[in-house]
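Report on one structure; see the data block that follows.
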Amino acid sequence: MTTEPLKVGVLGYRFMGKAHANALARLPMFFPEAPAVERHTLVGRDEAALADAADRFGFAHTATDWEAAIDEVDVFYNLGPNHVHAEPSIAALESGVPVLCEKPLAPTVEEAAAMRDAAAATGVTAGTAFNYRFVPAIRHAKRLIDEGELGEVRQVRGRYLQDWLVDPEAPWAWRMDADMAGSGALGDLGAHTIDLVNFLVGDEAGGIERVSGQLTTFVDERPVYDDDGSVDEYRDVTVDDAYSAQVAYESGATGSFEASRVAEGHKNDHTIAVHGTEGSVRFSLERLNELEVIRGGNRGYETVLVTDETDPYGDRWWPPGHVIGWEHTFVHESYEFLSAVAEGNSFEPSFADGYDVQTVLAAIERSDERGEWVAVE
Ligand code: SOE
């Protein structure tokens, strides 16, 4: 019996569209048992740019109307700006179409709650695209923590630094607008950190109970440029350029997190560390094939090359030591998501996981506004 390929519809054709389309294209070669997929419809607003992207990314059809596209496909990837996450994702789920939605799940807790509830009510597979959960080193760290190798978790640290907004003349974009994005470095980068620490230590340390946060905007308005490169207007920046937060876990563990878009010299520098009573792990996205580990009574860090025996996806790619990169996380993510879809299973990170992150983001904003520690609600 042959099964028809799953028709995938993708909303968004820029950075994330490219990353996910590449993942879909790689799947049959490296994960032959993955469900067959057809890159069916690419959805966007600008017809010319859309047609060009569809051509390059291997999509047979384009649509400027997401509602019509959802009717035509079996699976929907929502990679649009944050303010277009909720409505199309909920509509897809209500039509029985599984959804993988980019992070943060929504600009507000209310929208994220509606998305979580739609996933629960329909029982249709829904995932939040926290791709860094699919880095082999992160999987390895999770296994070590779950097996008790670090003992009791005491401290968690997460830092995500970028520098693309150092220049005050860097162009305005939707990511700088609170209505469209929700928040800035906090939601865009901090969401990854919070999801990763939830994934890594959530079972051990429980949830994040209280937070003390600070958000800062260094550049209040940014230019919008004409096609000829001259400044058309200046638009307000209504989100943070950087945030930091102290957090308290249910277990008594503590954490400190920060992210920035104005950290000169850091392009995509995401680091996570966990310290327990018997060991530590630390991870840097810039060295994603490695995990540094202290365990078993040792006092110093040992570097584990994750392309060796510890990599759950290692046999799919290259011989040990032949490193993988950022784009592979999207392939692993699509493999797990589409396998869950084909089997009618749930997927993690789920919409509920995306919602949990959103409650921490909101608490950090609330704490900043009030100037005091607040509970995560
Ligand atoms: C922002 O620059 C960004 O593209 C994020 O939106 C992604 O989630 C992150 O993985 C890389 O940086």
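If you go through the stretch 40-72 and keep only what is of a type outside the set (A, V, I, L, M, F, W, C) and crowded, with 20+ Cβ neighbours inside 10 Å, you end up with HIS40, THR41, GLY44. For the stretch 133-169, the candidate set comprises residues that are out of contact with any Asp or Glu (no Cβ under 6 Å at 6 or more places or on another chain) and of a type in the set (Phe, Trp, Tyr); within that set, the residue that is nearest to the ligand (Cβ to nearest atom) is TRP164.
With respect to the conditions (1) aromatic (Phe, Trp, Tyr); (2) within 16 Å of the ligand (Cβ to nearest atom); (3) touching a Gly at 6+ places or on another chain (Cβ under 8 Å), PHE199 falls short on a single one, namely (3).
Residues to consider are VAL37, VAL75; find the one that is hydrophobic (A, V, I, L, M, F, W, C), in contact (Cβ under 8 Å) with a residue 12 or more places away in the chain and buried (at least 22 other Cβ atoms within 10 Å of the Cβ).
VAL75
Each residue in the stretch 74-130 was checked for being more than 19 Å from the chain's Cα centre (by Cα), among the small types (Gly, Ala, Ser), within 14 Å of ALA352 (Cβ to Cβ) and not in a helix (DSSP H, G or I), and 1 pass.
Any residue at all in the stretch 243-259 that's modelled with pLDDT of 95 or more, more than 16 Å from the ligand (Cβ to nearest atom), charged (D, E, K, R) and assigned to a loop (DSSP other than H, G, I, E, B)?
Start the filter on the stretch 243-259 by keeping residues that are modelled with pLDDT of 95 or more, which leaves 243-259.
Imposing the further condition that a residue be more than 16 Å from the ligand (Cβ to nearest atom) reduces the set to 244-256.
If we keep only those that are charged (D, E, K, R) as well, we get 250.
Okay, now just the ones that are also assigned to a loop (DSSP other than H, G, I, E, B), so 250.
For the stretch 243-259, residues modelled with pLDDT of 95 or more, more than 16 Å from the ligand (Cβ to nearest atom), charged (D, E, K, R) and assigned to a loop (DSSP other than H, G, I, E, B): present.
Scanning the stretch 264-303 for residues being more than 20 Å from the chain's Cα centre (by Cα) and part of a loop (DSSP other than H, G, I, E, B) gives a total of 12. Under the condition of being more than 16 Å from the ligand (Cβ to nearest atom), surrounded by fewer than 20 Cβ atoms within 10 Å (Cβ to Cβ) and not in a loop (DSSP other than H, G, I, E, B), the residues counted in the stretch 305-335 number 4.
Of all the residues that make up the stretch 15-26, how many are more than 16 Å from ALA69 (Cβ to Cβ) and without any contact (Cβ under 8 Å) to a residue 60 or more places away in the chain? Full working, then the answer.
Start the filter on the stretch 15-26 by keeping residues that are more than 16 Å from ALA69 (Cβ to Cβ), which leaves 15-16, 18-19, 22-23, 25-26.
In the following step, the residues that additionally are without any contact (Cβ under 8 Å) to a residue 60 or more places away in the chain were identified as 15, 18, 25.
So the count comes out to 3.
Does ARG210 satisfy being of a type in the set (Lys, Arg), in a strand (DSSP E or B) and either more than 24 Å from PHE283 (Cβ to Cβ) or over 23 Å from the mean Cα position of the chain (by Cα) (or both)? Outline the logic, then answer.
Details: of a type in the set (Lys, Arg): yes; in a strand (DSSP E or B): yes; either more than 24 Å from PHE283 (Cβ to Cβ) or over 23 Å from the mean Cα position of the chain (by Cα) (or both): yes.
So ARG210 fits the description; yes.
The values are calculated or read from the model by the stated rules, or taken from the named source; none is laboratory data. Values in this document were obtained by computation on a predicted structure and should not be read as measured data. With ideal geometry, Cβ positions are generated from the backbone for all residues, glycine too; neighbour counts draw on all protein chains shown.
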